[in-house]
1. At 7 Å along the Cα-to-beta-carbon direction for both residue 176 and residue 115, put a label point, then send me their distance in nm to one decimal.
2. What residues of region 80-106 lie in the reach of a label at residue 143, counting those whose backbone N is under 12 Å from a point 7 Å from the Cα along Cα→Cβ?
3. Based on DSSP, what percent of beta bridges with both residues in region 72-153 are antiparallel, to the nearest 5?
4. What is the spin-label model distance, in nm, from residue 67 to residue 164 if the labels are put 7 Å beyond Cα along the C-beta direction?
5. Given R₀ = 25 Å, what would the calculated FRET efficiency be for residue 127 paired with residue 78, taking r from the Cβ atoms and rounding to 0.05?
6. Using the count of nearby Cβ atoms within 10 Å as a rough guide to exposure, how do 201, 101 rank from fewest to most?
7. With a cut-off of 8 Å between alpha carbons and a minimum separation of six or more residues, what is the relative contact order of region 72-153 in percent?
8. Going by C-beta contacts inside 10 Å, put 157, 48, 103, 83 in order with the fewest on the left.
Ligand SMILES: [Cu+2]
């Protein structure tokens, strides 16, 4: 069986499975899809599991405005929750302290303009609007073990994984894209993806 060029996988075995999945997916959604979908499962060699990876697309044409609501990061039981937050460029993030101790929030990252939002008490929150693409490492200067990541992305086509590494990017217009995967511990090579007019593409990225 000829393997279509728009399926990218690590091995021939998964390529064949992926092709069958494409046929099935095309049959399920044909006729009423607003766009295609990209879905799959990560393989995170070298990491404990695949949680908190971010799958996203680059070179998506068009302008994208953030939604009105502000996603939140909570500081709870001495952790930032969630540990990884992907956002669209221009999004305002609310950072809340839910602990009975003071927490600080600062970043050494360029994409966060090296901000230091200060230190605040339980029940209080501060906001920051992210205006540069890239990864922002969040830290607390009171508790060195606290760490989180915000990924500032150019379009809303992104997903964050749970431990199983399964993801879906929905409502992607037909076209050619570069799919990238960010993970705190392991690296992935970019993958070229073609999204057809109908149906879905299965892409199972494996870490390097
Ligand atoms: Cu803290």
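Read-outs: derived from the displayed coordinates by stated rules, not from any lab. The model shown is predicted, which means the values in this text are computed figures rather than measured ones. As a convention, Cβ positions derive from the backbone with ideal geometry for all residues, glycine included, and neighbour counts pool all protein chains shown.
1. 3.8 nm
2. Within reach of a label on residue 143, which here means backbone N under 12 Å from a point 7 Å along Cα→Cβ, region 80-106 contributes 80-81, 97-105.
3. Antiparallel bridges make up about 70 percent of those DSSP assigns within region 72-153.
4. Result for the modelled spin labels: 2.3 nm.
5. 0.70
6. So the ranking, lowest neighbour count to highest, is 101, 201.
7. Details: 207 pairs, mean separation 29.2, N = 82.
RCO, region 72-153: 36 percent.
8. Working: 157 22, 48 8, 103 25, 83 15.
Taking fewest neighbouring Cβ atoms as first place, the list is 48, 83, 157, 103.
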